[in-house]
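Here's the structure we're looking at; comments come further down.
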Amino acid sequence: MNILGVESSCDETGVALVECHASGVPTLRAQALHSQIDMHQAYGGVVPELASRDHIRRVVPLTRHVLSAVGASIEDVDVVAFTRGPGLAGALLVGAGVACALGAARGIPVMGVHHLEGHLLSPFLCADPPEFPFVALLVSGGHTQLMRVDDVGSYELLGETIDDAAGEAFDKSAKLMGLGYPGGPELARLAEFGDPTVFDLPRPLLHSGTLDFSFAGLKTAVRTHMLKLGSNVCEQDKAHLAAATQQAIVDVLVRKTLAALKATGLKRVVVAGGVGANARLRERLDAECAKRGTRVHYPELALCTDNGAMIALAAAMRLQRGIDQPQRDYAFNVLPRWPLATV
Ligand code: KG4
Ligand code: ZN
């Protein structure tokens, strides 16, 4: 069975074709992605209206590209999966609208998928996929959550951010330092030239006894340091501040993940979402988990950030287990706010 996945929840249009077998992990046949980063860079962040318009321009050509890459046509697609939420309403409507129009025109069933479930399952497309159960650390631009995952569709929220997400903390701190958008990779690059001990930054809720996160105070502290450094701040001080910011975020993420492992007694971690591409986070988490005999799984680097493959994969894994049935009712809706634990 071939599943076409369409992702359009934020600033990346992703389309992919995944083959779903009766059992075993589905396989990725082809994927294509268009990032809107260049378009939003001038504004220092995502402009929702521009994002929607660009998804409209990209989604059909990307679909053609994916199908032709494997010599397939729309007739070879058995299910069209799309991101139903969470995300930007207008952006989600584009992917949902195109997926349902394709389905209706060709009589192919459609399926709405949770974006974070896509992220969470994305390591299953690796050569060495994880086994259930595991603790999932979901760290994207809009979400920071620790989940207990017992199987596909069995998600228990252990803790989440009470204000900014980890990716948002990277992005907002980078913006305060005058770096480009998205800030995470830019800040991480600059941090390589800095000493993380030069500036002392807060680690909110580190000792709260809960698995919740808070990153808003970190951004305020970065702002205060930048104001003190003044308008002609040198590159070296900026690099020190970037290193300290990255260290503070990574520190909190690692320590809370270890606390989640202890609380659940689980021995496996899956890290997913854009911040999962951060090299320091991977390094620290790998080292700490290795000491405890715990295995950490990540998606392939190219699948850390938004993509269509994870949407097709999540649909495939839900269908394999009979959790969902694809729909031939093409009256779609989108869910810009949609808690993963309710899926
Ligand atoms: O999962 P994602 O692509 O989109 C959302 O669903 O939000 O995550 C995007 C986030 C952005 O905040 C970006 O700055 C961050 O992931 N990010 C990183 C890195 N690569 C992407 N943060 C830190 N280090 C990175 N290497
Ligand atoms: Zn995402």
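The values are calculated or read from the model by the stated rules, or taken from the named source; none is laboratory data. All values derive from a computational prediction rather than experimental measurement. For neighbour counting, all protein chains shown are included, and Cβ atoms are generated from backbone atoms with ideal geometry for every residue, glycine included. We work out accessible area using only protein heavy atoms, side chains counted, and drop any ligands, DNA or RNA first. Shrake-Rupley method; radii C 1.70, N 1.55, O 1.52, S 1.80 Å.
A few points about this structure:
- Here's how it looks for V270: its modeled amide H is under 5 Å from those of V135, A136, L137, H297, which are all 5 or more places away or on a different chain.
- Coarse-grained scattering of the chain at q = 0.10, 0.15 Å⁻¹, given as base-10 log I(q)/I(0) from a Debye sum over alpha-carbon atoms: -0.59, -1.22
- Of the residues P204, S214, C234, the one whose Cα sits farthest toward the positive end of the charge dipole of segment 159-242, with +1 on the Cβ of Lys and Arg and -1 on the Cβ of Asp and Glu, is C234.
- Residue-averaged [θ]222 nm for the chain, counting only DSSP H segments that reach four residues, each worth -39500 (n - 2.57): -13500 deg cm²/dmol
- Inter-part distance where segment 54-84 and segment 189-246 are each reduced to a Cα centre, Å: 42
- Accessible area, probe 1.4 Å, largest first, for residues H34, H240, H114: H34, H240, H114
- Taken along the Cα-to-beta-carbon direction at a fixed 7 Å, the label points for Q325 and M39 span 3.8 nm.
- Exposed loop sites were defined as trypsin sites (Lys or Arg not before Pro) in DSSP loop states (anything but H, G, I, E or B) carrying at most 15 other C-beta atoms within 10 Å; in the chain the longest segment without such a site runs 1-266.
- E75 versus A341: modelled label distance in nm, points set 7 Å from Cα along the beta carbon direction: 4.8
- Mean projection area, nm², convex hull over Cα of segment 132-298: 9.0
- Solvent-accessible area per residue in segment 52-154 equals 33 Å², computed with a 1.4 angstrom probe and all protein chains kept.
- Whole-Hz couplings from phi, Karplus 6.51/-1.76/1.60, listed for segment 317-331; x for Gly and Pro: 5, 5, 5, 3, 8, x, 6, 10, 10, x, 9, 10, 8, 8, 7
- Based on the convex hull around the alpha carbon atoms, segment 222-343 presents an average projected area of 12.0 nm².
- For segment 94-179, the dipole from Cβ point charges (+1 on Lys and Arg, -1 on Asp and Glu) about the Cα centre works out to 420 debye, to the nearest 20.
- Angle between the chain longest axis and helix 216-229 axis [Cα atoms, degrees, rounded to 10]: 50
- Integer Hz, Karplus 6.51/-1.76/1.60 couplings in order for segment 301-312, x for Gly and Pro: 3, 5, 9, 6, 8, 4, 6, x, 4, 5, 6, 5
- Ligands, DNA and RNA left out, the accessible area of segment 132-298 computed with a 1.4 Å probe is 52% carbon and sulfur.
- This model, with +1 at the C-beta of Lys and Arg and -1 at the C-beta of Asp and Glu, gives the chain a dipole about its Cα centre of some 360 debye.
- Using θ = phi - 60° and Karplus 6.51 cos²θ - 1.76 cosθ + 1.60, couplings along segment 67-73 (whole Hz; Gly, Pro as x): 5, 5, 4, 10, x, 9, 10
- Residue among L102, P48, V59 farthest towards the positive dipole end of the chain, charges placed on Cβ: P48
- Charge dipole of segment 102-254 (Cα centre as origin; +1 on each Lys and Arg Cβ, -1 on each Asp and Glu Cβ, all else neutral): 540 debye, rounded to the nearest 20.
- Of M39, M310, the residue with the largest accessible area leads and the full order is M39, M310 (1.4 Å probe).
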